[in-house]
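The values are calculated or read from the model by the stated rules, or taken from the named source; none is laboratory data. Keep in mind the model is a prediction, meaning the values are calculated, not measured. Side chains are part of the model used for accessible areas, which takes the heavy atoms of the whole protein and leaves out ligands, DNA and RNA. Shrake-Rupley method; radii C 1.70, N 1.55, O 1.52, S 1.80 Å.
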Amino acid sequence: MQLKPLARSLAAALSIVVIAGCSSTGGTQDGDSYGSQDGSMSGSGTSGMGTGTGSSQYGSTSGSGAGQQADSRIPEVRTIYFDYDRDTIKSDYESVVMAHARYLRANPGAQVVLHGHTDERGTREYNMALGERRARAVERFLNIQGVSPSQMSVVSYGEERPAVNGNNDSAYAQNRRVVFNY
């Protein structure tokens, strides 16, 4: 009977180790700047890793005191994107979610609403559920990183609030997202 608690503990520890190992990639994303007004992605739909130079966008912790200063500011990148019909966080965006986790841990009074969105393909009901699953995936990731559940809430908009109007792959890719709303 003692095997079940041991297996659960081992699975939880392994999950944390895997997530921690994957989060060390750093770098920046081309076309990910949150303040883009035209909604276009300069990466032409590709999601390649940047050069990793000057990752201040994510609150780089290199240098003396830079980590503490970065943790006191809300991270600039507040949107992460998902693959078609998926609710798993892409490894490209783990550093973004980690930056939000650092901020929320350093500021226990801060509150974030995770807005889940989808593209227009699929039924309204399916897209509402998928948007919620995406936001819950981010919530679980933040929780594993030590963020208090009382600091987070989830809202799904499904396909109802597109970031970009259009019926092409580029528009769809920009609408499959979770937005951190502080």
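Roughly speaking, what is the stretch gain from TYR84 to SER148, that is 0.36 nm per residue apart minus the C-alpha to C-alpha distance, in nm to one decimal? Don't skip to the end; give the middle numbers.
Details: separation 64, 0.36 × 64 = 23.04 nm, distance 2.94 nm.
That pair, TYR84 and SER148, stretches by 20.1 nm at full extension.
Along segment 168-178, what does the Karplus equation 6.51 cos²θ - 1.76 cosθ + 1.60 (θ = phi - 60°) give for ³J(HN,Hα), rounded to whole Hz, x for Gly and Pro?
With the stated coefficients, segment 168-178 comes to 9, 4, 5, 5, 4, 4, 7, 8, 8, 8, 10 Hz.
Solvent-accessible area of VAL154, probe 1.4 Å, all protein chains present, reported in Å² to the nearest ten, please.
The value for VAL154 is about 30 Å².
Can you give the accessible area of ARG121 in Å² (nearest 10), computed on protein heavy atoms with a 1.4 Å probe?
We get 80 Å² for ARG121.
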